[in-house]
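Everything below concerns the one structure shown next.
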Amino acid sequence: MSDYTQFVQNLPARAPAPEPAPARPGNFSALIGRIEEAVEEETVAIRTDLGFDIKSSNARKSRYLYELTRAMKGVGESDFLAEHRDGIKRLREKLATNEAAIRAHLNAVSEVANLMQNAIQRSEADGTYSAGEFGWAR
């Protein structure tokens with residue numbers, strides 16, 4: 001028998017991965033609170049901070065979504081969800097406000113991009129070959 005075979009035979013059997021612990025009410029409430037705080041911070045920053053790092057904020061929200069998904073995996077009882085209904089409702093309202101701020105931000109970025117595109121096109125065109133210079137374009 002080779003040393004490797006002997007080594008492998010002496011290793012303990014691989015244990016199955018542990019089941020995720022069911023979410024406890026205190027942990028779930030704390031998680032909802034952290035998500036609310038992150039969403040509120042992002043909403044305020046989008047509206048006020050020109051140097052806001054949206055990429056890192058999205059990474060944080062993704063991490064919280066992952067945690068929330070894991071916490072909900074062990075929960076199937078309607079009593080548990082009923083107990084946290086107010087927190088979930090509050091979070092939903094904050095997410096709607098956050099979505100409105102993100103949409104406004106994206107619309108503003110799109111508008112600025114369109115203005116810049118039009119300015120570049122006007123500066124590059126000398127009018128020689130444009131139909132608009134001859135009154136043919138509407």
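The values are calculated or read from the model by the stated rules, or taken from the named source; none is laboratory data. These figures come from a predicted structure and were not determined experimentally. Note that each Cβ is placed from the backbone with ideal geometry, even for glycine, and that neighbours are counted across all protein chains shown.
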| field | All positions within region 71-93 that are modelled with pLDDT of 85 or more and more than 16 Å from Ser29 (Cβ to Cβ) | value | Glu93
| query | Of the conditions (1) more than 17 Å from Glu36 (Cβ to Cβ); (2) within 18 Å of the chain's Cα centre (by Cα); (3) at pLDDT below 90, Leu68 fails just one. Which one is it? | reply | (1)
| said: With the structure loaded, tell me whether Lys55 is farther than 26 Å from Val109 by Cα and out of contact with any helix residue (DSSP H, G or I) (no Cβ under 7 Å at 6 or more places or on another chain) or whether it fails that test. | reply: no
| field | Every residue from region 38-63 that is over 14 Å from Arg103 (Cα atoms) and hydroxyl-bearing (Ser, Thr, Tyr) | value | Thr48, Ser56, Ser57, Ser62
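So that you can scan it fast, the table gives a plain yes or no per residue for (1) of a type in the set (S, T, N, Q); (2) touching a residue at least 40 places away in the same chain (Cβ under 8 Å); (3) surrounded by 13 or more Cβ atoms within 10 Å (Cβ to Cβ):
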{"position": "Arg34", "(1), (2), (3)": "no, no, yes"}
{"position": "Glu41", "(1), (2), (3)": "no, no, yes"}
{"position": "Ala45", "(1), (2), (3)": "no, no, yes"}
{"position": "Gly51", "(1), (2), (3)": "no, no, no"}
{"position": "Ser56", "(1), (2), (3)": "yes, no, no"}
{"position": "Tyr64", "(1), (2), (3)": "no, no, yes"}
| Where Ala104 falls short, out of the listed (1) in contact with a helix residue (DSSP H, G or I) (Cβ under 7 Å, 6 or more places away or on another chain); (2) at pLDDT 80 or above; (3) among the aliphatic types (A, V, I, L, M) | (1)
